[in-house]
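This report concerns only the one structure given below.
Just so you know, all these numbers are worked out from the coordinates, no wet-lab data involved. Because the structure is predicted, anything quoted here is derived from the model rather than measured. Note that each Cβ is placed from the backbone with ideal geometry, even for glycine, and that neighbours are counted across all protein chains shown.
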Amino acid sequence: MQIKLPDNSLIELAGDANGLDAAAGIGPRLAKAAIAARVNGVLVDLSRSLDDGDRVDIVTIDSTEGLQVLRHSAAHVLADAVMQLYPGTRLGIGPATGDGFYYDFQLPLPVSDADLPAIESKMEEIVKEAASFERRELGREEAAGLFANQPFKLELLAEMPPDEAISIYANDGFTDLCRGPHLPDAGRLRAFKLLSVAGAYWRGNEKNPMLTRIYGTAFPTAKELDRHLENLKEAERRDHRLLGKQLDLFHIDDEVGAGLPLWHPKGALVRKIIEDFWRDAHLDNGYEMVMIPHIASAELWKTSGHWDFYRENMYSPMDIEGQEYIVKPMNCPGHIKIYKSRTRSYRELPIRWAELGTVYRYERSGVLHGLLRVRGFTQDDAHIFCRGDQLENEILAVIRFVLFMLRTFGFDQYDVFLSTRPEKSVGSDDNWARATEALRTALEKSELNFEIDPGEGVFYGPKIDLKIRDALGRAWQCTTIQVDFNLPERFDVTYIGEDNREHRPIMIHRALLGSLERFMGCLIEHYAGAFPLWLAPVQAVILPVADRHIDYAGQVAARLRQEGIRIELDYSKESVGKKIRNAEVDKVPYMLVVGDREEDAGDVSVRSYAEGDLGEQPVDELVADLARQVEEKR
């Protein structure tokens, strides 16, 4: 039989060939590196039989998909080890994640981080056996019998569509309900580490049993694993929750409520700086500012479709004089109402309206995480109303704008995804196709590498998602650009065209930074709390050597403040060395020491948080340099 390779070339294979045979047919080196295959677009095991005419792409362990297969297999080995060590364990699920894997268990006795070395040791024993992962398909009754003592598996089994094949994987005597694929054998799992133990409700619902979740990670080589573990240590040092407290930026108070951050003066100042820059940049790019209320009638959300498609993330209605109101989860319906406040002409389009709009969404307590996942947050939101002939140019302009914004804040590495139509959606096939193609074309013209993320669009339209990479290479979801033909129809949004008839505009939803809370958390961790000068809440601290230098320190402070530099003076009785250490703990960009020599010369001794001792500088020269750095947003 013949199979087709990604470059459209053909190779001949025996009639009973599988993915491994295909890899061997291409070359022995690929056969050694292969761990799975993509056949006609579907990821499968190497052992899966091929048919004549199949399109086959061999997956290696060093690819993104290969890493997912490796980690999913590690989760199975973890479950095998736990079942051997803790008989009577009930199994939940064990997926691969972005940087590792986990498995959920209902255990017969408590397990803590102290138990992880013993579980790891058992995993190593299983790996040494190098048993194959063997896939088998079962009938529904046979599968139910096999998992008769596993209630969570039976629940998953009962929800599978009647026409879906039920597959199991067996390895080292352990069997799991799983779609796969997996490594050819457990011996390929050479570098793994269990990381932590946590609680997790079954399927993320607090009404379900609390399970024990064991997290781990796995890499193709020990060197890559060691590098990742070092990054995890560095990530702990950069944790925005710890730095938020250390730098006096924000905190979350249980009495106020989980997921509702309180901004301290320094944190609020950083937010103001971001917001001021954001507003000025939007005005420069042809946007106008609007503002809408924090609550709206339930009828608005029924018209928009959020009541039907997003209700689980909305807070319960409140009764106000017999009418139901809801705190807003989105800003778009309010912006639409502003648009509809009068008749619009084709000459007015495109209309670009922006708002730093605070929204409230119901997030379960188990997923809340500092500033990164909260219940009340401010979106850097905007909506563009445009004609069909303007759509592509508007998307291109948004892409240019977002790259400018992100690069200004120090982010220049991105993962870009084009998210397509989900199963639960509204709108015509034609509109979905038009919207998706407009986004695809804009990405291609912008020369951005992107991946298709199937089924991850929002219910009303496809979208571009842009994830920024921080100093540790971690991906953070910030930017989203969504094309929407649906809401203009639901709200009967129109404009008067050149033909003097009503036409339907197209709506673009976009957020550049995402939420300010999440973006702040990302900034804190990206810079490890040491903000660049233009963002730092305190840009310089003046350190008088003795009390007799306080007057001169005040004169220097006044000169810096004239140029808008944010200054603090340390009048404490501590030594200069201790004052410097205190300022470095606070991650102040510049420390300015003034003593007899500096006062006599009209200078300051400058120490940079990033570069160390910079020596003496005349005050005017320093002021000009700092003002230039702020202006250039270095």
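Here are a few things to note about the model shown:
- Centroid-to-centroid separation of the range 523-550 and the range 236-299 [C-alpha atoms, Å]: 21 Å
- Against the main long axis of the alpha-carbon atoms of the chain, helix 116-129 sits at an angle near 40°.
- Alpha-carbon centroids, the range 97-160 and the range 186-204: separation in whole Å: 11 Å
- Among Gly564, Gly577, Val630 - extreme Cα towards positive end, dipole of the range 540-632, charges at beta-carbon: Gly577
- Each of Thr436, Thr60, Val483 was scored by the projection of its Cα onto the charge dipole of the chain, and the greatest displacement toward the positive side belongs to Val483; charges sit on the C-beta of Lys, Arg, Asp and Glu.
- The sum of -39500 (n - 2.57) across all DSSP H runs of n ≥ 4, divided by the residue count of the chain, sets its helix-only mean residue ellipticity at 222 nm to -10500 deg cm²/dmol.
- Cα gyration tensor category, rounded, prolate or oblate, for the range 332-475 with a/c compared to 1.5: rounded
- Exposure proxy ranking, count of Cβ atoms within 10 Å, fewest first, for Glu525, Glu423, Glu631: Glu423, Glu631, Glu525
- Taking the C-alpha atoms only, the angle from helix 576-585 to the longest principal axis of the chain is near 40 degrees.
- Whichever aspartates and glutamates have a C-alpha closer than 18 Å to that of Lys207, once near sequence neighbours (fewer than 8 apart) are set aside: Asp104, Glu155, Glu312, Glu363
- Whichever lysines have a C-alpha closer than 17 Å to that of Lys328, once near sequence neighbours (fewer than 8 apart) are set aside: Lys302, Lys337
- Positive contributions from Lys and Arg (+1) and negative ones from Asp and Glu (-1), summed over other residues with Cβ under 14 Å from the Cβ of Asp172, come out at -4.
- Protection proxy ranking of 44-53, 566-575 - average other beta-carbon atoms within 10 Å, highest first: 44-53, 566-575
- As a proxy for reagent exposure, ranking Cys178, Cys522 by other Cβ atoms within 10 Å from fewest up yields Cys178, Cys522.
- Lysines whose Cα lies under 20 Å from that of Lys633, excluding same-chain neighbours fewer than 8 positions away: Lys266, Lys272, Lys587
- Charge dipole of the range 497-634 (Cα centre as origin; +1 on each Lys and Arg Cβ, -1 on each Asp and Glu Cβ, all else neutral): 620 debye, rounded to the nearest 20.
- Cβ crowding within 10 Å averaged over residues, with 312-324, 150-162, 296-308 ranked highest first: 296-308, 150-162, 312-324
- Here the Karplus relation 6.51 cos²θ - 1.76 cosθ + 1.60, evaluated at θ = phi - 60°, turns the backbone of the range 542-559 into coupling constants of 9, 10, x, 5, 9, 4, 5, 9, 5, 4, 5, 4, x, 5, 5, 4, 4, 5 Hz, with x for every Gly and Pro.
- Highest-first arrangement of 408-417, 240-249, where packing means the average Cβ count within 10 Å: 240-249, 408-417
- Global form of the range 136-294, assessed from the alpha-carbon gyration tensor, a/c cut-off 1.5: prolate
- Residues with amide H under 5 Å from that of Tyr103, placed H, sequence gap 5 or more: Ile214
- Taking a Cβ cut-off of under 12 Å around Glu224, the surrounding Lys, Arg, Asp and Glu residues balance to a net charge of 0, with basic ones at +1 and acidic ones at -1.
- In sequence order, calculated HN-Hα J values of the range 351-364 (Karplus, 6.51, -1.76, 1.60; Hz; x Gly/Pro): 9, 10, 10, 10, 7, 7, x, 7, 10, 9, 10, 6, 10, 5
- Gap separating the Cα centres of the range 10-46 and the range 437-495, nearest whole Å: 34 Å
- Other residues with beta-carbon under 15 Å from the beta-carbon of Asp492 carry, at +1 per Lys or Arg and -1 per Asp or Glu, a net charge of +4.
- Thr64, Thr479, Thr378, Thr217 arranged by Cβ crowding within 10 Å, fewest neighbours leading: Thr64, Thr378, Thr217, Thr479
- Near Leu183, the amide H atoms lying under 5 Å from its own belong to Ser73; only residues 5 or more places off or on other chains count, and H is placed 1.01 Å from N.
- Here the Karplus relation 6.51 cos²θ - 1.76 cosθ + 1.60, evaluated at θ = phi - 60°, turns the backbone of the range 37-52 into coupling constants of 9, 10, 10, 6, x, 10, 6, 9, 5, 5, 7, 5, 5, 9, 10, 4 Hz, with x for every Gly and Pro.
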